[in-house]
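Encoded as structure tokens, the structure appears first; notes follow it.
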Amino acid sequence: MIKKVLVANRGEIAVRIIRSCREMGLKSVAVYSDADRSSMHVRYADEAWRLGPAPSTESYLNIDKIIQVAKESKADAIHPGYGFLSENTEFANRIREAGLIFIGPSAEAITAMGDKMTAREMMKKAGVPIVPGTDQLPESEDEIKALARKIGYPVMLKASAGGGGKGMRLVKTEKELLPSLLRARSEARNAFGNEAVYMEKYLLEPHHIEFQIMADNHGNVVHLFERECSVQRRHQKVIEETPSPFITEEIRAAMAEQAIAAAKSVNYSGAGTVEFLVDKDRNFYFLEMNTRLQVEHPITERVTGIDLVKAQIKVASGEVLAFKQEDIAQRGHAIEARIYAEDPANNFIPSPGLIRHITQPLGLGVRTDGYAYEGYEIPVYYDPLISKLIVWAPTRAEAIKRMKRALYEYKITGVKTNIPFVQRIMEAEAFVKGNYNTHFIDDNLEQLLQPETENTQYEDIAMIMAYLDFQNRQHKRMDFGQKAGNQSNWKNFGRLFRHNPY
């Protein structure tokens, strides 16, 4: 039985995992770098242990230290979250060698699906359709060019050990091929320590659709339906929704069957995601399998009512899945938006810094998975994700309206965010009609980056007043004297503005 879980991660996903542990009556152990000493997951967990300096190589990627902390804190199991060591075979093996439980699939499954060329070969044997291409590139440049001509331009170069859009290059002409290959190999080598690259046919007007899988150690595998992840920027997802507005019931059933076949081919256990590319004619092809919990898992939880983290922990404890395929249904429509500290108007450059004020949206059908709070300083060392905003409604049209309302309520000052950018996505005609693909952001970038109007900039006076109140409380620069007494700060600031509007 698992009684105490160490969460080998940070930020919103660490908080989210600890929440499920608390509901299950399990003790939680947070780990942190020096940059995260005041982070929410550190405050929320039952225990918190320092890993090391801010760089992830010295903290969240330090396998020896994480296992040492797990032993010293007497944790039974380690949950890796997503990113960092979540798909690291050595980490999974080392945890089990230390007599601890890894809340994830076997190291063998991680290895099989972690290398994309190996995964492609396994999917072919399992009868799962794959994108036309090659498992490995020829030695000579002339053979590489001939192969690209045979596949047909445009082609996509992909790092075999890749993820997160790294080591990927779209090649439209033969002139671009070799220079793109050099850059892809260099990026892959720097990011993953493996410069192996393979080539695929690039699908026109593609959709990125993934199926959530859950499997136990007793041979049971189910799917929890699909997520449409085609709103992407530089191969990074920005908006996800379920159900997909693009695929039909027949295609959904066929893809689900292939997703389960993919999981069974590697004796998968735990939560995983089988990802597909779907062309404009709704032909689908295996893309990759993520052997971990996905960032966008909350929308699946919302439409199915199943807590995926709890299911992961139960499976890792050796339990049989508590639900069968016929028990799982999609109810309503859910959308997730990733809220980043970044400046869309300045090429989406990260915007770390001190959060002066934050008002998170509330109300029916709204969920916010975050870790930031007023006075928290977003560090420069990690991904600038602030939170994930999830909404649910009975229909897709209502879900879009609810997301727009929630985004209107979401106020953050002190750092720049992509909230206005996401608002415009919700208003874009192609998105509203469900008529979009992975080129959506590039095709609509000018519209999505329009500057805010004067009315939009100044309509929320309450936020401005709250920010000034925060400044007053933080720095104590203003003194309203004895006459102010216990009057509210709204009145105090009102008097200030009348006498000194600047």
Check T300, T273 and return the single one that is assigned to a strand (DSSP E or B), modelled with pLDDT of 95 or more and either of a type in the set (D, E, K, R) or buried (at least 20 other Cβ atoms within 10 Å of the Cβ) (or both).
T273
How many of the residues in the range 119-131 are touching a residue at least 40 places away in the same chain (Cβ under 8 Å), within 21 Å of E195 (Cβ to Cβ) and out of contact with any strand residue (DSSP E or B) (no Cβ under 7 Å at 6 or more places or on another chain)?
0
Restricting to the range 33-45, name every residue that is within 24 Å of C21 (Cα to Cα), surrounded by fewer than 16 Cβ atoms within 10 Å (Cβ to Cβ) and free of Cβ contacts under 8 Å to residues at least 40 places away in the same chain.
R37, R43
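Does the range 243-264 contain any residue that is touching a residue at least 12 places away in the same chain (Cβ under 8 Å) and within 18 Å of the chain's Cα centre (by Cα)? Working first, answer last.
Restricting attention to the range 243-264, the residues satisfying the condition of being touching a residue at least 12 places away in the same chain (Cβ under 8 Å) are 243-248, 251-252, 254-256, 258-264.
If we keep only those that are within 18 Å of the chain's Cα centre (by Cα) as well, we get 243-244.
Taking every residue of the range 243-264 in turn, at least one turns out to be touching a residue at least 12 places away in the same chain (Cβ under 8 Å) and within 18 Å of the chain's Cα centre (by Cα).
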Which listed residue is over 23 Å from L26 (Cα atoms), of a type outside the set (D, E, K, R) and within 22 Å of the chain's Cα centre (by Cα), from T118, T89
T89
Result of the Cβ filter at 7 Å on the range 69-93, keeping first residues that are more than 12 Å from K4 (Cα to Cα) and touching a residue at least 24 places away in the same chain (Cβ under 8 Å) and partners that are crowded, with 17+ Cβ neighbours inside 10 Å and basic (K, R), at least 6 apart or interchain, is P80/R292; Y82/R292; S86/R292; E87/R292
Does the range 331-343 include one or more residues that are surrounded by fewer than 18 Cβ atoms within 10 Å (Cβ to Cβ), over 18 Å from the mean Cα position of the chain (by Cα) and farther than 30 Å from I412 by Cα?
yes
Picked from the range 407-447 (must be within 27 Å of E275 (Cβ to Cβ) and small (G, A, S)), the residue surrounded by the fewest Cβ atoms within 10 Å (Cβ to Cβ) is G434
Touching a Lys or Arg at 6+ places or on another chain (Cβ under 8 Å), part of a helix (DSSP H, G or I) and of a type in the set (A, V, I, L, M): which single residue out of L177, L182, L157 fits that description?
L177
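The values are calculated or read from the model by the stated rules, or taken from the named source; none is laboratory data. Source: prediction; values computed, not measured. Glycine also receives a Cβ, built like all others from the backbone with ideal geometry; neighbour counts cover every protein chain displayed.
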